[in-house]
Structure formats: structure tokens, C-alpha cells
1. For the chain, what is the accessible area per residue in Å² when the probe is 1.4 Å?
2. Search the structure for amide H atoms under 5 Å from the amide H of PHE244, placed 1.01 Å from N in the peptide plane, and list their residues when 5 or more places away or on another chain.
3. Around GLU258, which amide H atoms from residues at least 5 apart in sequence, or from another chain, sit under 5 Å from its own amide H, with H modelled in the peptide plane?
4. Would you look at the GNM of the chain, springs on alpha carbons closer than 10 Å, and say which of THR181, THR154, THR79 moves the most?
5. Report ³J(HN,Hα) in whole Hz for each residue of segment 233-241, in order, from the Karplus equation J = 6.51 cos²θ - 1.76 cosθ + 1.60 where θ = phi - 60°; Gly and Pro get x.
6. Hey, what do the phi angles of segment 215-223 turn into as Karplus ³J(HN,Hα) couplings, whole Hz, using 6.51/-1.76/1.60 and θ = phi - 60°, x for Gly and Pro?
7. Scan the chain and hand back the longest stretch that contains none of the GluC sites (Glu not before Pro) lying in DSSP loops with at most 13 other Cβ atoms within 10 Å.
8. Report the one residue of LEU9, ILE283, ALA212 whose Cα lies farthest in the direction of the positive end of the charge dipole of the chain (charges on C-beta: Lys and Arg +1, Asp and Glu -1; origin at the Cα centre).
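The values are calculated or read from the model by the stated rules, or taken from the named source; none is laboratory data. These numbers were taken from a predicted model, which means no experiment stands behind them. We place every Cβ from the backbone using ideal geometry, glycine too, and count neighbours over all the protein chains shown. Keep in mind that these areas ignore ligands, DNA and RNA; they rest on the heavy atoms of the full protein, side chains included. Shrake-Rupley method; radii C 1.70, N 1.55, O 1.52, S 1.80 Å.
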Amino acid sequence: MLTNFDRVLLVLDDLDRQAVEVEGKSVDASVKSRLNSLSSAYSMLMNVDRSPIDYSSADTQIAYSFRCLASHGDLLYRTLSSAKSAVLKAVGGGSIKIACIGGGPGSDALGFIKFAERNGLEKRKIKFVFLDYEAAWKTVRDALFATFGETSYTRKSVKTDLALGAPWADSWSFNDADIFTFSFALSEVWAFDAAGGSVSKFIDRLISGARAGALFVYVDNGGDAFLPLAEKAIAERSDIVEVFSEDDTWMLIGGDEEKSTLNKYSARYDQSPKITGNVNRRIWKKI
Ligand SMILES: C[S@@+](CC[C@H](N)C(=O)[O-])C[C@H]1O[C@@H](n2cnc3c(N)ncnc32)[C@H](O)[C@@H]1O
């Protein structure tokens with residue numbers, strides 16, 4: 001069984017093969033500068049005057065995939081594993097539908113598939129719906145899903161902007177999903193909730209339209225900046241119960257994952273993939 005880092009190595013090899021120099025700057029130099037600009041963007045997520053983060057370029061996608069794809073996938077896997085019986089109950093016995101809000105490069109799918117492979121669900125029909133404002137992430141997801149070979153997993157993307165106001169998404173056919181994931185997605189949009197409450201209203205519509213028994217899996221930056229906003233929008237509803245809760249998790253990856261798998265790229269970009277960080281995690285269920 002391949003680890004997340006094994007898969008991310010294959011993804012990076014694929015993206016690296018496709019990458020082209022822009023304006024005479026080497027691909028590695030561009031990726032390095034994107035790693036730095038992402039770090040500074042993530043340090044001011046709640047600044048209401050900031051612009052949305054632009055993930056459209058290949059160098060930004062390589063930078064993000066190198067840094068976060070494996071560990072975010074693993075953290076989601078370990079969160080699902082912490083509430084294994086609730087997750088198995090939510091997905092029932094037939095086909096499974098997972099809606100990844102701000103699912104970007106596919107980290108949430110990577111995490112769910114790792115859970116599926118370790119819990120005998122991998123032969124089931126699993127449909128992933130990626131709800132993201134950045135269509136260009138498809139290149140990374142294509143490379144990621146290629147690492148699974150022949151499977152019964154299907155995927156589609158629905159252009160969705162949580163900050164834009166109703167109707168947010170081109171289609172709401174994803175609303176009957178078994179599981180909705182929010183992995184490092186809400187922290188990136190709360191700054192745009194201030195003017196008109198678009199993000200809160202999206203969540204309200206999402207939960208109101210979800211079926212009883214559906215799970216909402218939340219993994220995001222720790223501390224008090226973001227979690228109270230999510231709790232207000234999700235946990236305080238009368239149709240929601242908490243299934244799993246853990247604050248201040250520090251290790252993002254489990255002992256079966258090995259970041260040295262990416263040494264080739266760590267040397268080229270002069271940085272390490274993210275394996276630690278303070279996060280808050282919740283799983284809520286609609287009743
Ligand atoms: C930090 S990344 C998280 C990606 C992935 N879920 C993970 O855990 O690695 C944030 C994601 O949210 C998406 N995003 C940011 N603002 C958004 C918005 N207003 N509406 C929809 N998606 C948004 C970005 O394109 C990106 O894929």
C-alpha cells in the first residue's frame with residue numbers, strides 16, 4: 001500500500017514534468033518563491049482587507065502539493081479513524097459520496113481513500129465532489145488519482161465560491177453527500193464573511209439541505225481565530241451533534257508516513273514538507 005508521501009512524490013514528478021519556466025525563472029526558483037508567498041499569505045488569513053489567495057499557477061500548485069498534500073490528507077485520515085464507527089455508519093453499505101469543500105488539490109480525498117483502504121471500503125463506488133473556486137486544481141487531482149490506478153472512484157468538480165453569496169455553487173447536487181469535509185478551507189474564507197455573511201449563509205444552506213446522518217468533518221488551524229466561527233455556524237445548530245472533538249493536535253502525520261520520501265524535492269526547494277502544526281478537529285453529525 002502506498003503512503004501519502006509515496007503518492008505525493010508521484011504527483012510532484014508528474015507536475016514537475018509538465019512545468020515550464022516562466023519569464024526566464026527556473027521552475028525551482030518559482031516554486032521556492034511561491035512557498036514563501038504562501039507562508040506570508042497564511043499568516044494574515046483574518047485580514048479583511050486581503051485578496052483571496054491565488055492558487056491558479058502551476059508553481060503555486062507544486063508548492064502547495066509539496067508542502068501540504070500528504071500531511072493534510074493524513075490528518076483527515078486520522079480524524080476519520082478517531083470516529084471510525086460513526087464514519088462507517090454514515091457511509092452505509094452502498095455507494096459513498098464525499099463532498100470536499102475547498103478540496104483543492106485532493107488532500108481530503110487522499111485522506112478518505114486512506115481510510116477506505118484500511119477499512120475495507122476501497123472496492124466500493126466512491127464519488128468525490130470537489131467544491132472549490134479554483135478550477136486549475138484539476139491538474140493536481142488528475143495526477144493524484146492516477147496514483148490509485150484502476151478504481152471505482154469517480155470525481156467531479158463544481159465551481160463554488162463561498163465568499164460570493166447565493167447560490168455559491170453552479171449546482172447543489174452534492175448536497176446529498178454522506179460526508180462533507182472542511183480541511184483548512186474555512187480559515188481561508190472567514191475574512192470574507194464580514195461583509196454580508198456569505199460563508200455563514202453557505203454553511204446554513206449546506207447543513208439545511210444535508211440528509212440526517214451526514215457528517216461534517218472539520219480540520220483547521222488551531223487556536224481561537226477560526227474554531228469559534230465554525231462552532232457558531234455548525235455546532236450551535238439544534239440539528240447538529242458533536243461526534244469527535246480534539247484541540248491542539250500537533251503532529252499532522254502518523255508513524256506510517258515518512259517525509260524523507262520527498263527528499264529530492266526538499267533539496268531542490270530548500271524547504272521541508274509540513275508535518276507538524278497546531279490544529280483543531282471536529283466531526284459533527286446532522287440529526
Ligand atoms: C489551504 S487550501 C486547503 C486545501 C485542502 N482542503 C487541504 O486540506 O489541503 C484552501 C482551499 O480552499 C479553496 N478556497 C479558498 N477560498 C475559497 C472560496 N471563497 N470558495 C471556495 N474555495 C475556496 C482554495 O482554492 C484551496 O483549495
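1. Here the residues of the chain average 41 Å² of exposed surface.
2. Excluding prolines and chain starts, which carry no amide H, the hits are ILE283.
3. Those qualifying (amide H under 5 Å, at least 5 residues apart or on another chain) are PHE5.
4. Among THR181, THR154, THR79, the largest mean-square fluctuation in the Gaussian network model of the chain belongs to THR154.
5. After applying 6.51 cos²θ - 1.76 cosθ + 1.60, I find 6, 10, 5, 7, 6, 6, 9, 10, 10 Hz.
6. Working through the residues one at a time gives 10, 10, 9, 10, 9, 7, 3, x, x Hz.
7. Counting only loop sites that pass the neighbour cut-off, the longest clear stretch is 24-149.
8. So the residue we want is ALA212.
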